[in-house]
Amino acid sequence: MSGLARVATISVHTSPLEQPGTGDAGGMNVYIVEVAKRMAERGVEVDVFTRATTRSLPPVAELAPGVSVRHVAAGPLEELDKSELPSHLCAFTSDLLRTEAAHEPGHYDLIHSHYWLSGQAGWAARQRWGVPLVHSMHTLAKVKNLALAAGDSPEPLGRVLGEQQVVESADRLVANTAEEARQLVSLYDADPGQVATVPPGADLSRFTPRGGARRRLGLPENAAVLLFVGRIQPLKAPDVLVRAAARMLEDDPGLRDRLLVAIVGGPSGSGRAKPEELRRLARRLGVADVVRFEPPCPQDELADWYRAADITVVPSHSESFGLVAVESQACGTPVVAAAVGGLRLAVRDGRSGVLIDGHDPSDYARVLRGLLGGPGRLRAMSDAAVRHARAFGWDETADRLLEVYAEAVEARTMAVSA
Ligand code: UDP
């Protein structure tokens, strides 16, 4: 038992009710939903505060028993670009504080903020409520700026400074990986004792191996299916997969009858990797007939895409973890990924998939052709992938987070009574 009754989770820029895989909704949304549900199962109620983006949203919506989403009025009732949100943070924070003020004092025992914008609101609430602030960055501006894709704009100085302020005001920082923990210390001067490493997970009851996926999706049984899943943006580099497919067909024209590149996800941010741009690229490279675009879909359907694929490809330039890589492996589909960030933990190189240095499409083409040409090795990788993914369950994430919460509360209590 954590001794906690209620946690205020803050997610300013994206709602846990949104469909992940497009716009600003991705792994962080999945993280917040999966963790909140498990917290509630463990007796800790969670209120998730997010910005209201349409008039039709109720002030409070129940996401699951014990988990509510509170829509905060801050700025216009429409989707806004993240760059516009700092000017609405004051309104967001004042509404957050008003909600607590309507309750008995001490309603929330702890605040967990996600992404730096939420950390700014959490920082103010922490001071007002006298409870600990636990913060998850999810991505770091300084790290992103070191790995920019062509056509991507650097993260602004305002975000870098905002992240720094959150580091200075949070009681605990949650990092997805040991590498992120080191980056918080080396790039943001975080106190190592302030940082806890808690790997995220995958829903291991939903993402399982199961036959019949190609039939259910209407895909030919003999196809060679390469899958990309996620928000279509330069950082995720879906163009590398399209270019690699073109190279594979140049090297082996006979593959054209069987090759299918499925891209599941929607546009996100601005930049050259928009779906229209990818389509244009596929046409220019003469592979439009093998590339298929699918809109973002719920995870139950997504599980069938993973199962139907021979290989999932994650060529991201930067990835703080990469939930897609774990979900795919949990479904028994090996992953070929860029050797960056959390993907180095999410994929066991040479066993559950292959990690590639850099983003040269020829390297991807070579590895993918090699794997497709060796069904025995691919089958062994598939088994290893399922085993590897078992190490990442949301139950473990929630249990570990509850420990971090308990430490933060204890440290705070000791500091107050000292
Ligand atoms: N996702 C989804 N439907 C889609 C595409 C993606 O539900 O059509 C989910 C996917 O299951 C994963 C998340 O979006 O949990 C993406 O997380 P990841 O860590 O791979 O990338 P991020 O969006 O955080 O950059």
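Structure summary
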quantity	calculated
Ellipsoid semi-axes in whole angstrom, largest first, where each is sqrt(5λ) of the Cα gyration tensor of segment 262-418	35, 20, 15
Share of pairwise Cα separations in segment 40-189, more than 21 Å, in percent	50
Where trypsin sites (Lys or Arg not before Pro) fall in DSSP loop in segment 313-355, at most 15 other Cβ within 10 Å	Arg351
Gyration tensor (alpha-carbon) shape descriptor, segment 232-281, a/c threshold 1.5	prolate
Spacing of the two label points (7 Å from each Cα toward its C-beta) at Asp399 and Arg256, in nm	5.4
Difference of contour (0.36 nm per residue) and Cα-Cα distance, Arg377 to Ser417	8.4 nm
The chain - mean residue ellipticity at 222 nm from DSSP helices (-39,500 (n - 2.57) per run, n ≥ 4, rounded to 500)	-13000 deg cm²/dmol
Those lysines that a straight Cα-Cα span of less than 26 Å connects to Lys236, excepting residues fewer than 8 apart in one chain	Lys82, Lys142, Lys144, Lys274
When segment 166-227 is reduced to its Cα atoms, the Kirkwood hydrodynamic radius in Å	15.2
For the chain, share of DSSP beta bridges that run antiparallel, in % to the nearest 5	10
Segment 1-50-segment 201-223 distance, computed between alpha-carbon centres (Å)	27
Point-charge dipole on Cβ atoms (K/R +1, D/E -1) for the chain, about Cα centre, debye to 20	1060
FRET E, pair Arg6, Cys90, Förster distance 30 Å, beta-carbon r, rounded to 0.05	0.75
Mean Cα-pair separation over length for segment 1-133, i.e. relative contact order, pairs under 8 Å, 6 or more apart, %	29
Helix 375-389 vs. the chain, principal-axis angle (Cα, 0 to 90°, nearest 10)	10
Value of relative contact order over segment 186-329, rounded to a whole percent, pairs C-alpha under 8 Å and six or more apart	36
Val60-Arg292 FRET efficiency (beta carbon distance; Förster radius 30 Å; 0.05 resolution)	0.15
Which of Pro238, Gly370, Gly122, positive extreme of dipole for the chain (C-beta unit charges)	Gly370
Cα-based equivalent ellipsoid, segment 153-263: semi-axes from gyration tensor eigenvalues, Å	41, 20, 11
Share of Cα-Cα pairs in segment 271-310 lying beyond 13 Å, as whole percent	62
Helix 27-41 vs. the chain, principal-axis angle (Cα, 0 to 90°, nearest 10)	60
Positive-pole candidate from Leu97, Pro58, Pro76, dipole of segment 1-142, charges at beta carbon	Leu97
Cβ-defined net charge surrounding Ala339, 13 Å radius [Lys, Arg +1; Asp, Glu -1]	-4
Environment charge at Val48 (Cβ cut-off 13 Å; Lys +1, Arg +1, Asp -1, Glu -1)	-1
Protection proxy ranking of 20-33, 96-109 - average other beta-carbon atoms within 10 Å, highest first	20-33, 96-109
Prolate/oblate/rounded label for the chain (Cα gyration tensor, a/c 1.5)	prolate
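No value in this document is a laboratory result; all are computed from the given coordinates. What you are looking at is a predicted structure, and each value in this text was computed from that prediction instead of being measured. Positions of Cβ are generated from backbone atoms using ideal geometry, with glycine treated the same way; all protein chains shown enter the neighbour counts.
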